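Let me begin by presenting the structure, written as C-alpha cells, before commenting on it.
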Amino acid sequence: MQKEFTVNVPDQLFVDSWEDELTATYTYEGPQYFYIGLDRNLSPLELRYGDDESEADNFTEEELLSFQHVITLNADDNPDLAHLLLPRTSDTDHTFGDETNHDGSIYRKITNPDLKDYFLIDYRISPESPEQAECFSSPIYKEASNILKTTATDRLNHVKKYNNSYDFDDSDQTKIDLFISTMNTYLETVETAYSWKYITMDITEIPKIPVSIQLLFNQLPEID
C-alpha cells in the first residue's frame, strides 16, 4: 500500500526543541498489516507483516505462548508507525549541506532527514488499556551539553558566588562585571554548539577568570 502522511518534527535533528512547530511529509510504501510479539519487558521478540492480514497474523502456538503482548497495527491508520516498523532494505539516500559552527568549522548536516532519522519505534503499556501494549514514535535526542558550555558555566558560577556574597570597591567590581558580561555573551554563542557537529572542541577559547580577580577571591574566606 502507499499513503502520504505528515508529522511534527523537532526544530533540528537530535535536539529536544519544538518551538518552530515544524512538520515533515513522507510517503509510506509497504505492507498494510503488522503483528509484533513482545516479552514481559516490552521488548520485541517477533515482527511479522504482509499485505494480507493472514500473512502478518501467522505466529505459531508456541510463539504466542512466549509473548506477553501482541500488538496489531494497520498502516492505513498509522503510516508513520508502519514506516518506523518496516526494516530498511537499503541506506537512505541522504543529501548534505554545510553548516558553519561558531568556531568556523563546518558541519555536514542532513538536509533531507528520513522519519527514521528523527524517531525510533518504541513500546509501552497503553494509558487507556493497562492490559494492552502499544507502539509509539520516540524522538532521537543526543546529549545537548558540551565541554565548552559546562566549563564556561563553572567559571561563571565561581565568580558569581563571590560577587553575590561580597561588596567590592568600584575598580574590582568593574573587573568582575566585565568578566560576567563577557562570559554570558560567550555562553549565548555556544548554547547550540552541539558536540556531534564538531571534530574537536577547543577549550582554550573559553574566557578565563582574570588573575587579578582570582587573587582578590583568594584573600576572602572560601565559600562552599
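Annotations
- Of the set (1) under 20 Å from GLU131 (Cβ atoms); (2) polar (S, T, N, Q); (3) surrounded by fewer than 13 Cβ atoms within 10 Å (Cβ to Cβ), all apply to GLN68 but (3).
- Failed item in (1) in a loop (DSSP other than H, G, I, E, B); (2) modelled with pLDDT under 95; (3) in contact with a helix residue (DSSP H, G or I) (Cβ under 8 Å, 6 or more places away or on another chain), with HIS102 passing the rest: (2)
Residues are listed down the side, and each one gets a yes or a no for (1) among the aromatic types (Phe, Trp, Tyr); (2) more than 30 Å from PRO79 (Cα to Cα):
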site	(1), (2)
ILE140	no, no
GLU143	no, no
PHE179	yes, yes
THR189	no, yes
ALA193	no, yes
PRO207	no, yes
SER212	no, yes
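- The single residue among THR27, THR100, THR111 that is among the hydroxyl-bearing types (Ser, Thr, Tyr) and touching a Pro at 6+ places or on another chain (Cβ under 9 Å) turns out to be THR27.
- Those residues of segment 41-52 which are surrounded by fewer than 15 Cβ atoms within 10 Å (Cβ to Cβ) and either more than 27 Å from the chain's Cα centre (by Cα) or not assigned by TED's automatic domain parsing to the domain that holds PRO79 (or both), in sequence order: ASP51, ASP52
- Looking across segment 200-224, the residues that are over 11 Å from ASP172 (Cβ atoms), touching a residue at least 40 places away in the same chain (Cβ under 8 Å) and either part of a helix (DSSP H, G or I) or touching a Leu at 6+ places or on another chain (Cβ under 7 Å) (or both) come down to MET201, ILE203, GLU205, ILE206.
- Candidate set: segment 122-145, residues that are among the charged types (D, E, K, R) and without any contact (Cβ under 8 Å) to a residue 12 or more places away in the chain; chosen: the one farthest from TYR194 (Cα to Cα): GLU131
- No other residue among TYR118, TYR107, TYR35 is at pLDDT below 95 and either surrounded by 14 or more Cβ atoms within 10 Å (Cβ to Cβ) or in contact with a helix residue (DSSP H, G or I) (Cβ under 9 Å, 6 or more places away or on another chain) (or both) apart from TYR35.
- Exactly one residue out of THR174, THR151, THR185 is in a helix (DSSP H, G or I) and either assigned by TED's automatic domain parsing to the domain that holds LEU38 or in contact (Cβ under 8 Å) with a residue 24 or more places away in the chain (or both), and it is THR151.
The values are calculated or read from the model by the stated rules, or taken from the named source; none is laboratory data. Please read all numbers here as calculations on a predicted model, not as lab measurements. Every residue, glycine as well, gets a Cβ built from its backbone with ideal geometry; the counts of neighbours run over all protein chains shown.
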